[in-house]
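The values are calculated or read from the model by the stated rules, or taken from the named source; none is laboratory data. What you see is a predicted model, and the numbers here were worked out from it, not measured in a lab. Cβ: placed from backbone, ideal geometry, glycine included. Neighbour counts: every protein chain shown. The accessibility values were calculated without ligands, DNA or RNA, using every heavy atom of the protein model including side chains. Shrake-Rupley method; radii C 1.70, N 1.55, O 1.52, S 1.80 Å.
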Amino acid sequence: MTNAFASVAQVRDGLKKINYLADDGIAGVVYLAQRLGKPVLIEGPAGTGKTQLAKSVAELTGARLIRLQCYEGLDESKALYEWNYKKQLLRIQADKTSDSWTEVHDDIFSDEFLLTRPLLEAISAPDPVVLLIDEVDRVEVETEALLLEVLSEYQVSIPELGTITAKQIPMVFLTSNNTRELSEALKRRCLYLHVDYPDMEREKEIVLAKVPDISANLADQIARIVRSIRQLDLKKAPSVSETLDWARTLILLGVDHIDAEQAKETLHVLLKYQTDIAKAAKELSVDE
Amino acid sequence: MPVIDLMSGFVGELRRAGLPVSLTENLDAMEAVKVIPIEDREAFKYALGATLVKNSSHWRVFETIFEVYFSLRGSQYNIVDPSEDQADEFWRDEQDQAQLGQGEGRGAGGGGLEALTPEELANMLMRALMQGDQAMMRALARQSVARFAGMEPGRPVGGTYYLYRTLRNLDLDNMLAKLMEAGKASSQRESTSLEQRLAKDEYEMRIEQFKKEVEAEIRRRLVADRGAEAMAKTLRKPLPEDVEFMHASREEMQSLKKALFPLTRKLAARLARKRRHGRKGPLDFRNTVRHSLSYGGVPAEPKFKYPRPAKPELMVVADISGSVAAFARFTLMLVYAIQSQFSKVRSFVFIDGIDEVTKHFRATEDIQEAIHKVNTEADVVWVDGHSDYGHAFEVFWERYGKDINPKTTVLLLGDARNNYHASQSWVVKEMRKHARHVYWLNPEPRSYWNTGDSIVGEYGGHTDGVYECRNLRQLEGFVEKLV
Ligand SMILES: Nc1ncnc2c1ncn2[C@@H]1O[C@H](COP(=O)(O)OP(=O)(O)O)[C@@H](O)[C@H]1O
Ligand SMILES: [Mg+2]
């Protein structure tokens, strides 16, 4: 790693400089991850800065970010590597007459025909990288096992080419929106970080950092209202991204002090369900 | 004691509390404490959490145990001598100001906090809460415990008693109203209802935080007196998934509710996935050929037919009398959260009378609200409001029996404590004849079954199985198997 952290405080301050507001938990675990060389599994509701954390750590350490976006059906050929069979077919076609089969075989199973996918790319990288395995809860259990294997050995073996071992252990972040339980084995392998909605002070700072031209006063009011709304029993509580959307909307509308009417008219930016909007409007008595 | 030595007791306690800490994780934690100094307390706590706790619903249990084992660690966490506290400085400042204003002291002279009356201390607290002064709140929490809790070494009294004594002396119950009043008085104009609401939330949070400080101080003193191990034992609480439905305290109910939501979401996702990938059918020849066109006629990507198994219809019949009400509630919530897994869900609740409540769940997306309607509107009392399974089943059969068909799965919920009424177990027998499956879920421990007025055996014999569902863990296990 190019820039090793000296302390937890340094992580927190460093992240703050690039507009990521971490609490003690987040900063502590990032620091620990680097010191112990272990992957971090970040779990928590959507829109709370899990993906952003990996990106920001990459930026902070001056490492290249390699991202594996997970989805249902993601498999080895998209996560690890794949042979470029089209190119291989062409190569076979082109040389039908001249070469012997062994030659062709050796040739088409060389680097030139290998499509490197994020996991392999991260392992074979000569430069410092941060590997982000985003929304890992979406993949099937088999793919999860594959990830685990890579994260345990930091090597990949390709039958036709041999084993590729990492020259350095990259920082790895896995994120999960918690839609399913991940395997015990994967969890054991990782440091676990639960990222929840930020407290009011931190949310205010996030708003100030992320929304240009917002006044401290408005940011404070926004953070307070959002905190009160999160305490209600809702189908879906507002996330940080929704807070930010709301702040931007209010700025566009030229609001600098939120009154009941404005809150009511813009609640739909913050809340997605009609029942939630109604509940919040009633609770904050922004009805009358 | 060095940190490393504290660790084995700490990890042991986590395991006793039910957290699944593996050997590797234990070793990771040992590495972690080497690189994060205990003085950076929050980071230290999170470092331990990151290596030892891999399920966020276990965090609270972890935090309590952490507090117990590490509460006396770090210089700023020593037990304070009440006379040399930060509160003193605050007090002197206050006095200086009072003197400036009124030209005379407040009688206490330069004396410490001992001289303060409880009222004066409460006023100081009020000011600290008004200003949200964290350091002051902490100092006052400690001061209050030292003065009011009446803790004596060796006394076999629990923390709640001391908490109660401390808070009563501070008149904390009326604090919120007083703060709101003071807030109103200090602002120049009439505040809007939105502003008032926000102010109330803010004050409530500060009061809550102050209470936590008081609790923490009491705990610290208890640990100092009794030792970490003994304290951990008294404080030991089940994990949310292990809380018994029938004996949950209010607070535990709260944590259960919290745990239920992510659990249902995960369960729904898992079931949906199973449905999609469950079975690979026979080769779909046409589809394979169609796809082969993009490979120049080579059937490179074989396609399979996915059979779509018919979804069952569900009928839930739940006893909602006193002791099993919570269980019925959680089961209904769970079932409705995954209702897309069934072609139809109908629900019935009873005590000695029975009523269909399906419509409440149809009327709203909000399961909580539907449950509330069930509790308030269902017509379930026939004679005296004591469970009468026999009568409820008879009426059920009469009214709805004809709706049971080979696609129906019936879930019967309750402890089968029938108050010595006639069982009418023939109804269950008939149900099974007509339904696809009939299951009984019992929230009582198996060892209580068929004792006293429980006749679960008599009903159970006619079902496809009786399941013990004392807690979320067991309930979830059953529901997953059901689908
Ligand atoms: N602590 C934070 N500091 C700065 N920005 C944040 C923070 N948390 C969330 N955000 C912002 O909120 C938005 C959502 O974050 P994202 O990382 O995409 O959420 P997640 O991956 O958890 O769904 C992004 O715009 C991100 O920059
Ligand atoms: Mg994300």
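The C-beta contact set for the range A:133-149 (first residue within 12 Å of another protein chain (Cβ to nearest Cβ), second residue among the small types (Gly, Ala, Ser) and within 16 Å of ligand 2 (Cβ to nearest atom), distance under 7 angstrom, 6+ apart or interchain) comprises A:137/A:176. Please work out if residue B:223 is open to solvent by less than 40 Å² (accessible area, probe 1.4 Å), closer than 30 Å to residue B:5 by Cβ and of a type in the set (A, V, I, L, M). The answer is yes for residue B:223.
Out of the range B:210-255, which residues are in a helix (DSSP H, G or I), of a type in the set (Gly, Ala, Ser) and under 19 Å from the mean Cα position of the chain (by Cα)? Across the range B:210-255, the qualifying residue is only B:255.
Counting only helices (runs of 4 or more DSSP H) wholly contained in the range B:330-427, the ones carrying 1 or more residues that are over 30 Å from residue A:275 (Cα atoms) and not aliphatic (A, V, I, L, M) occupy B:389-400.
Conditions tested, residue by residue: (1) within 8 Å of chain B (Cβ to nearest Cβ); (2) of a type in the set (Ser, Thr, Tyr).
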{"position": "A:193", "(1), (2)": "yes, no"}
{"position": "A:197", "(1), (2)": "no, yes"}
{"position": "A:203", "(1), (2)": "no, no"}
{"position": "A:224", "(1), (2)": "yes, no"}
{"position": "A:230", "(1), (2)": "no, no"}
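Output the number of residues of the range B:8-25 satisfying the condition of being crowded, with 19+ Cβ neighbours inside 10 Å and assigned to a helix (DSSP H, G or I). Result for the range B:8-25: 5. Within the range A:262-281, being surrounded by fewer than 16 Cβ atoms within 10 Å (Cβ to Cβ) and either in the same structural domain as residue A:49 (by TED's automatic domain parsing) or among the hydrophobic types (A, V, I, L, M, F, W, C) (or both) holds for one residue alone: A:278. Of all residues in the range B:29-39, those that are more than 7 Å from chain A (Cβ to nearest Cβ) and at pLDDT 90 or above total 4.
Restricted to helices (runs of 4 or more DSSP H) entirely inside the range A:1-105, those with at least 1 residues that are at pLDDT below 90 and either more than 12 Å from ligand 1 (Cβ to nearest atom) or outside the structural domain of residue A:185 (by TED's automatic domain parsing) (or both) are A:76-79, A:85-94. Within the range A:159-201, restricting attention to residues that are without any contact (Cβ under 8 Å) to a residue 40 or more places away in the chain and of a type outside the set (Gly, Ala, Ser), the residue that is farthest from ligand 2 (Cβ to nearest atom) is A:159. Annotation note: of B:358, B:364, the sole residue that is of a type in the set (Ser, Thr, Tyr) and at pLDDT 80 or above is B:358. Name the single residue that is farthest from the other protein chains (Cβ to nearest Cβ) among those in the range A:1-35 being under 20 Å from the mean Cα position of the chain (by Cα) and among the β-branched types (Val, Ile, Thr). Within the range A:1-35, the match that is farthest from the other protein chains (Cβ to nearest Cβ) is A:18. From the list A:87, A:38, the lone residue that is of a type in the set (Lys, Arg) and within 14 Å of chain B (Cβ to nearest Cβ) is A:38. Just one of the listed residues (A:135, A:82, A:72, A:140) is at positive phi and open to solvent by less than 80 Å² (accessible area, probe 1.4 Å), and it is A:135.
Consider the range A:166-179 and keep the residues that are buried (at least 18 other Cβ atoms within 10 Å of the Cβ) and more than 30 Å from residue A:126 (Cβ to Cβ). The one that is farthest from the other protein chains (Cβ to nearest Cβ) is A:177. Screening the range A:234-261 for residues that are crowded, with 16+ Cβ neighbours inside 10 Å and within 13 Å of chain B (Cβ to nearest Cβ) and picking the one that is farthest from residue B:369 (Cα to Cα) gives A:258.
The residues on offer are A:213, A:259, and the sole one that is over 23 Å from the mean Cα position of the chain (by Cα) and at positive phi is A:213.
Can you find a residue in the range A:202-209 that is more than 16 Å from ligand 2 (Cβ to nearest atom), open to solvent by 50 Å² or more (accessible area, probe 1.4 Å) and either farther than 30 Å from residue B:56 by Cα or at pLDDT below 95 (or both)? Taking every residue of the range A:202-209 in turn, none turns out to be more than 16 Å from ligand 2 (Cβ to nearest atom), open to solvent by 50 Å² or more (accessible area, probe 1.4 Å) and either farther than 30 Å from residue B:56 by Cα or at pLDDT below 95 (or both). Scanning the range B:313-334 for residues that are open to solvent by less than 10 Å² (accessible area, probe 1.4 Å) and at pLDDT below 85 yields one hit, B:334. Scanning the range B:376-416 for residues that are of a type in the set (D, E, K, R) and open to solvent by less than 20 Å² (accessible area, probe 1.4 Å) yields B:388, B:415. Using the structure shown, decide if residue A:222 is within 16 Å of ligand 1 (Cβ to nearest atom) and either buried (at least 21 other Cβ atoms within 10 Å of the Cβ) or touching a residue at least 60 places away in the same chain (Cβ under 8 Å) (or both). So residue A:222 fits the description; yes. Quick one: how many residues across the range B:40-59 are more than 26 Å from residue B:472 (Cβ to Cβ), of a type in the set (Gly, Ala, Ser) and more than 8 Å from chain A (Cβ to nearest Cβ)? Here the count works out to 0.
Applying the criterion of being part of a helix (DSSP H, G or I) and at pLDDT below 85 to the residues of the range B:186-199, the residue that is nearest to the other protein chains (Cβ to nearest Cβ) is B:193.
Each row is one residue, and each column tells you yes or no for (1) within 22 Å of residue A:181 (Cα to Cα); (2) within 16 Å of ligand 2 (Cβ to nearest atom); (3) within 14 Å of another protein chain (Cβ to nearest Cβ); (4) touching a residue at least 60 places away in the same chain (Cβ under 8 Å).
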site: A:42; (1), (2), (3), (4): yes, yes, yes, yes
site: A:69; (1), (2), (3), (4): yes, yes, no, yes
site: A:76; (1), (2), (3), (4): yes, no, no, yes
site: A:93; (1), (2), (3), (4): no, no, yes, no
site: A:108; (1), (2), (3), (4): no, no, no, no
site: A:128; (1), (2), (3), (4): no, no, no, yes
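Just one of the listed residues (A:64, A:35) is open to solvent by 30 Å² or more (accessible area, probe 1.4 Å) and within 17 Å of residue A:191 (Cβ to Cβ), namely A:35.
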